[in-house]
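Everything below concerns the one structure shown next.
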Amino acid sequence: MKQIALDIGLAPGPSLHNFLAGPNLAVLQHLQLWVGNDKRSPVPSYLWGESGSGKTHLLRGVQAALREQGCLVGWMDASQLDPAVFDDRWRVIVLDDVHLYTAVQQHAAFNWFVNAMTPHDGQQRWVLAAGLVPPSDLHLREDLRTRLGWGHIYQLQVLSESERRAVLRQQADERGIFLSDEVMDFMLNRFSRDLGSLIQLLDQLDGYALQTQRAITIPLLKSMLENL
C-alpha cells in the first residue's frame, strides 16, 4: 500500500495550557500550582484513569513547562526497555504507564524514586507518575507500589462526547484548519473515541491535506485511509 509522507511538524505538543480539563479540573489546578511554585512540595503525585483520560498529556505538559523553566526532568515510560541511570541534576522524575513496567523498569523506577526522595543540596525532587489503575491495584513490586500510593492520588475521568468535540475543535483551531461538523461526526462515529487516537487521526488528516493541497472533507479522509 502507498506510504503517505505526513507533515505534522506544526502540530502543537501537549501542554497544561491546551489540556481541556472538563471533570479533571482539580488535577489540572494541582499541577499548575505545583509547576508555578518556586517552593515546590516534595510529596509525590499519582494520576490514574482509563486510556484516553489525558494522563500522558498532563505528564508531557508538566515536562514541557519545567523545561521552559530550565529544569532537567527524568522521564520513563514503558517503551524504554533500558532505563537511564538516575541523574542528580534532575529536579523532577516522571513515570508514565507504570502498570506496564517490566521487572527491569520497576527496579529502575524504584531506584529513581528513592534517589528523588533523598535530599540533595538541601532539596528533594518531585515524583509524578501515572497508570491505568489506582496504586492499590498495581501489579508491581511492593516497595514501588506502596511508594506510588503514599502521596496525592487523582483519578482522571474520560471526557464526554461534547467535551471531546471541544478538544478536537481546539486542536484544529491551533493548527489553523477548519474542521466541519460533518467531518467531526464522521471521526467520532467511525473511529476510536479515545481522545489520543482522535488527535493522532487529526494530525494525519492535517498532514494529508497539506500534502494534497485539499480542504479537509469526508472524501479526503476516506482517500487518506485508502492510501495508508
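The values are calculated or read from the model by the stated rules, or taken from the named source; none is laboratory data. It should be emphasised that the depicted structure is a prediction, and the values quoted were computed from it without experimental measurement. Cβ sites come from the backbone with ideal geometry, for glycine too, and all protein chains shown count toward neighbours.
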Study note, to complete from the structure: Looking across region 129-143 at residues that are over 20 Å from HIS30 (Cα atoms) and in contact (Cβ under 8 Å) with a residue 40 or more places away in the chain, the single one that is surrounded by the most Cβ atoms within 10 Å (Cβ to Cβ) is LEU138
**Study point:** Any chance ILE153 is outside any helix (DSSP H, G or I) and touching a residue at least 60 places away in the same chain (Cβ under 8 Å)
**Key:** yes
Review point. Which condition number in (1) in contact with a helix residue (DSSP H, G or I) (Cβ under 6 Å, 6 or more places away or on another chain); (2) outside the structural domain of VAL98 (by TED's automatic domain parsing) is the one that LEU140 fails?
Key: (2)
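Within region 16-25, does at least one residue satisfy the condition of being aliphatic (A, V, I, L, M), at pLDDT 95 or above, within 23 Å of LEU159 (Cα to Cα) and in contact with a helix residue (DSSP H, G or I) (Cβ under 7 Å, 6 or more places away or on another chain)?
No, that holds for no residue.
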Practice item. Consider only pairs whose beta carbons are under 8 Å apart and that are at least six residues apart or on different chains; among these, list those whose first residue lies in region 171-183 and is in the same structural domain as GLN204 (by TED's automatic domain parsing) and whose second residue is small (Gly, Ala, Ser). Key: ARG175/ALA11; ILE177/ALA209; PHE178/ALA172; PHE178/ALA215; LEU179/ALA172
Check your understanding: Which residues, counting only those in region 194-228, are assigned to a helix (DSSP H, G or I) and under 17 Å from the mean Cα position of the chain (by Cα)?
Key -> LEU195, GLY196, SER197, LEU198, ILE199, GLN200, LEU201, LEU202, ASP203
Practice item. Say whether the condition of being without any contact (Cβ under 8 Å) to a residue 40 or more places away in the chain, among the β-branched types (Val, Ile, Thr), out of contact with any Ser or Thr (no Cβ under 7 Å at 6 or more places or on another chain) and within 20 Å of VAL62 (Cα to Cα) is met by at least one residue in region 114-128. Key: no
